[in-house]
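The values are calculated or read from the model by the stated rules, or taken from the named source; none is laboratory data. Everything numeric in this text was worked out from a predicted model, so none of it was measured. All Cβ positions, glycine included, derive from the backbone under ideal geometry; neighbour counts span all protein chains shown. Protein only, heavy atoms only, side chains kept; ligands, DNA and RNA dropped before computing areas. Shrake-Rupley method; radii C 1.70, N 1.55, O 1.52, S 1.80 Å.
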Amino acid sequence: MDTLSNLKAFVAAAETGSFSAAARQAGLVPSVISKRIEQLEWRIRAPLFTRTTRKLTLTDVGERYLPVVRALVRQVDDALAGMAQASGELEGHIRIKIPTTLGVLNLSRLLNQFLVEQPMISMDIVLADRSVNPLEEGFDLAIGARPESYGQVQDHPLCPISRRLCATPAYLQRCGTPQAPAELMDHDCLVFATSGTRWEFQGPQGLVGVDVRPKLKSNDGSALCQATLDGLGVSVLADYLVAPALARGELVELMPDHHLPDLWLKALVPANRIELPRIRSLLQWLTVQLQSAQLGGHWPTAPDPVT
């Protein structure tokens, strides 16, 4: 078991980028993580990390064997979790990537509830607003609304996300109100960086696309929502972010006859993980919770802006 602990320390340090972060994740002190990795390096007669006072970087050996070691650790954890199924309880570790804004507003709370209901499960939650191949980056699930798919990775739909085209009354008074998608080319547009600068609408004449001019780009939905509220321009934002401001009249929905196609929130799951009981149970639980929240009108909403 010492070897397994050393291998786990190596994976944790590689994924977190520091001995201190790996120690916090494991509930240990950094010196224990450092010692375990030193033991592993002594065993293989090669360094796994290049250490400086400011950075921890994998060596060529560490880079080459990280996927192998990660897979070995997973196999052992899965075997132990499978042996525990006789107790009737789910057991094991889940590493999951979730979007930043939606994670803060809603998904983190749902995942916390799942952990309360499943006390034998542990979880590593990473917030990121980029497309992730979970098979390559060592995730059991990667949740997002991007259209990308990957080989040997299954898409599991969770729920639709409606979007609105919005601006403040003050901006519209200053710059005019666009009546058609083509007019957006003359407006300051606030763009979600990973979605690109082409906005598409389903209008009376069919699908219409327009390449907008970004006044601001951001990879965070909350930042774009605040910029919109500050009157910087026009933005396309998820309904859960802008619904309160629309209800208060702080934002105005534009071109309601030109519908923005819904995005689908989905979970990307490596094919070799999909049948694990804890992964299958989490997927089913999240699907029910998210769709029930939408049907019941309890979809997450953004907090009031800080003034």
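Some observations on this one:
- Accessible surface, the chain, averaged per residue in Å² (probe 1.4 Å): 51 Å²
- Rounded FRET efficiency, nearest 0.05, which uses the C-beta distance separating Asn272 from Arg45 and R0 of 35 Å: 0.65
- Against the chain, whose longest principal axis is taken from its Cα atoms, helix 2-16 shows a tilt of about 20°.
- Rh (Kirkwood; distinct C-alpha pairs) - the chain, Å: 21.9 Å
- Accessible carbon and sulfur surface of the chain relative to its total accessible area, %, 1.4 Å: 54 percent
- Shape call, region 184-265: gyration tensor on alpha carbons, a/c limit 1.5: rounded
- Each residue of region 257-267 was assigned a 3J(HN,Hα) from its phi angle through the Karplus expression (A = 6.51, B = -1.76, C = 1.60, θ = phi - 60°), giving 7, 10, 7, 7, x, 5, 8, 10, 6, 9, 10 Hz with x at Gly and Pro.
- Averaging the sequence gap over all C-alpha pairs within less than 8 Å and six or more residues apart, then dividing by the number of residues, gives region 1-137 a relative contact order of 18 percent.
- Mean Cβ neighbour count within 10 Å, used as a protection proxy, ranking 252-264, 51-63 highest first: 252-264, 51-63
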